Amino acid sequence: MTTPKLFTPTKVGDIDVANRIVMAPLTRNRARPEDDTPFELHAEYYAQRAGAGLIVSEGTQISPEGKGYAWTPGIYSDAQVAGWKKVTDAVHARGGKIFAQIWHVGRVSHNTLQLDGQPPVAPSAIAAETRTFDGKEFLPTSTPRALELSEIPRIIEDYRKAAANADAAGFDGVEIHAANGYLLDQFMRDGSNKREDAYGGSIENRARLVTEVTEAVVGVLGAGRVGIRLSPFANANGVSDSNPQALFEHVIDRLNGFGLAYLHMVEGQTGGPRELPEGASIAALRKRFDGTYIANNGYTREMAIDAVETGKADMIAFGRPFIANPDLVTRLEKNAPLNEPDKNTFYGGGAKGYTDYPVLDEQVA
């Protein structure tokens, strides 16, 4: 029997990887509360999962303003960079590759999570109508203030610095988080972006910020070490668009011009159904991108093998299965049973439900 292509090596941009399985970014809310710094516990967690061809880190905020949830890590301070260096060293020691997902949540935040209780920022002063966790309770997100035109260069500079910090921390590259209703997605969608300046109105204008951020990040790392995540048809965190197919055809055409390492796309609703709205086509979007295409959302072993064999995707990202199965690649290769995750330990806490799931050899023994 030949080995399914899913389990064979490939190259993602400038990076050689051992297989075509990606560990998707998973928010786990375990950074140090006092300074949003990752530490030894994170190093152990990611190192356990280094069998993935590529790990994409949990979302890591590019600035204090970019924070939307309690205990999520940042990548803007020296202490955070040092903390992430422990993680990348541990992953590399196990032969793995890891990208940092750089993140600004925009309006998906609460005043209590912002410096001096300021309102969150967004393209327009429209509330997300979702909830967030402030460390004590779940709260409705705060109404944001619209970013001034003069502030846009500061946002772009924060992404550029985050890319430089990721490089200093030893990451193999970065993934720009432009999905799931966070800041860059908010700018792209006409439901959340009602601006009348150069960053609002037409599809071209609404795609301007994600294009300029990508240009800045590529300027730091080179295109072969930069990927991007999109969720064209998802309404996560309250975003919507009147014509998502046309919007994301334009966005992907612009992104394709950079020669990025990969496009990581949520197919359907984030963490939900794979069905698409009428007139939507993942295949038509995928065709517009020349680099590695990473497919994400509810893939089973069989779906993943088929998608890679038939060329529908180059790599497949798995999220929740990696929580309870640090050796997920081995289990998929052997078609072995998967551990069930403990949902009570998904967000916050310590080692329980984070680094204590058994690998297959331990269970067999």
### Selected residue (only one of Val87, Val56 is open to solvent by less than 50 Å² (accessible area, probe 1.4 Å) and in a strand (DSSP E or B))
Val56
### Query
Here are some residues: Pro153, Pro123, Pro119, Pro140. Which one is crowded, with 18+ Cβ neighbours inside 10 Å and at pLDDT 95 or above?
Pro123
## Note on the structure
Going through segment 259-313 in order, the residues found to be at pLDDT 95 or above, of a type in the set (Val, Ile, Thr) and part of a loop (DSSP other than H, G, I, E, B) are Thr300, Thr310
### Message
Could you check segment 215-235 and list, in sequence order, the residues that are assigned to a helix (DSSP H, G or I), open to solvent by less than 40 Å² (accessible area, probe 1.4 Å) and touching a helix residue (DSSP H, G or I) at 6+ places or on another chain (Cβ under 8 Å)?
### Response
Ala216, Val217, Leu221
### Message
Among the numbered criteria (1) at positive phi; (2) modelled with pLDDT of 95 or more, which one does Asp158 miss?
### Response
(1)
### Message
I'd like the full set of residues that are of a type in the set (Lys, Arg), open to solvent by less than 40 Å² (accessible area, probe 1.4 Å) and more than 29 Å from Val218 (Cβ to Cβ), limited to segment 1-53.
### Response
Arg30
### Query
Can you name every residue in segment 11-36 that is in a strand (DSSP E or B) and over 15 Å from Ala47 (Cα atoms)?
Lys11, Val12, Ile15, Asp16, Val17, Ile21
### Task
Answer yes if at least one residue in segment 103-112 is under 18 Å from Gly173 (Cα atoms) and open to solvent by 50 Å² or more (accessible area, probe 1.4 Å), and no otherwise.
no
### Query
Failed condition for Thr355, given (1) over 26 Å from Pro244 (Cβ atoms); (2) open to solvent by 40 Å² or more (accessible area, probe 1.4 Å); (3) polar (S, T, N, Q), with all others met?
(2)
### Task
Specify the residue that is least open to solvent (accessible area, probe 1.4 Å); the eligible residues are those in segment 275-294 that are touching a residue at least 60 places away in the same chain (Cβ under 8 Å) and not small (Gly, Ala, Ser).
Ile294
### Query
Could you count how many residues in segment 314-325 are part of a loop (DSSP other than H, G, I, E, B), small (Gly, Ala, Ser) and touching a strand residue (DSSP E or B) at 6+ places or on another chain (Cβ under 7 Å)?
0
### Message
So for segment 197-207 (the condition being within 15 Å of Ala100 (Cβ to Cβ), surrounded by 19 or more Cβ atoms within 10 Å (Cβ to Cβ) and of a type in the set (A, V, I, L, M)), does at least one residue qualify?
### Response
no
### Task
Scan segment 305-339 for residues that are aliphatic (A, V, I, L, M) and either under 25 Å from Gly259 (Cα atoms) or surrounded by fewer than 21 Cβ atoms within 10 Å (Cβ to Cβ) (or both) and jot them down.
Ile305, Ala307, Val308, Ala313, Met315, Ile316, Ala317, Ala324, Ala336, Leu338
#### Entry: Matching residues in segment 326-365 - criterion: being part of a loop (DSSP other than H, G, I, E, B), in contact (Cβ under 8 Å) with a residue 60 or more places away in the chain and among the polar types (S, T, N, Q)
Thr355
### Matching entry among Gly319, Gly291, Gly298 (being at positive phi and not acidic (Asp, Glu))
Gly298
### Task
Write out, first by first residue and then by second, each pair whose Cβ atoms fall under 7 Å of each other, whose residues are 6+ apart or on separate chains, and whose first residue, in segment 295-323, is farther than 19 Å from Leu360 by Cβ while the second is part of a helix (DSSP H, G or I) and of a type in the set (Gly, Ala, Ser).
Ala295/Ala307; Ala313/Ala307; Ile316/Ala304; Ile316/Ala307
### Task
Name, by its number, the condition in (1) out of contact with any helix residue (DSSP H, G or I) (no Cβ under 9 Å at 6 or more places or on another chain); (2) crowded, with 17+ Cβ neighbours inside 10 Å; (3) among the charged types (D, E, K, R) that does not hold for Asp172.
(1)
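The values are calculated or read from the model by the stated rules, or taken from the named source; none is laboratory data. The shown structure was predicted, so the numbers you read here are calculated from the model rather than taken from an experiment. Note: ideal-geometry Cβ built from the backbone for every residue, glycine included; neighbour counts use all protein chains shown. Ligands, DNA and RNA are stripped out before the accessible areas are found, and what is left, the full protein with its side chains, is counted by its heavy atoms. Shrake-Rupley method; radii C 1.70, N 1.55, O 1.52, S 1.80 Å.
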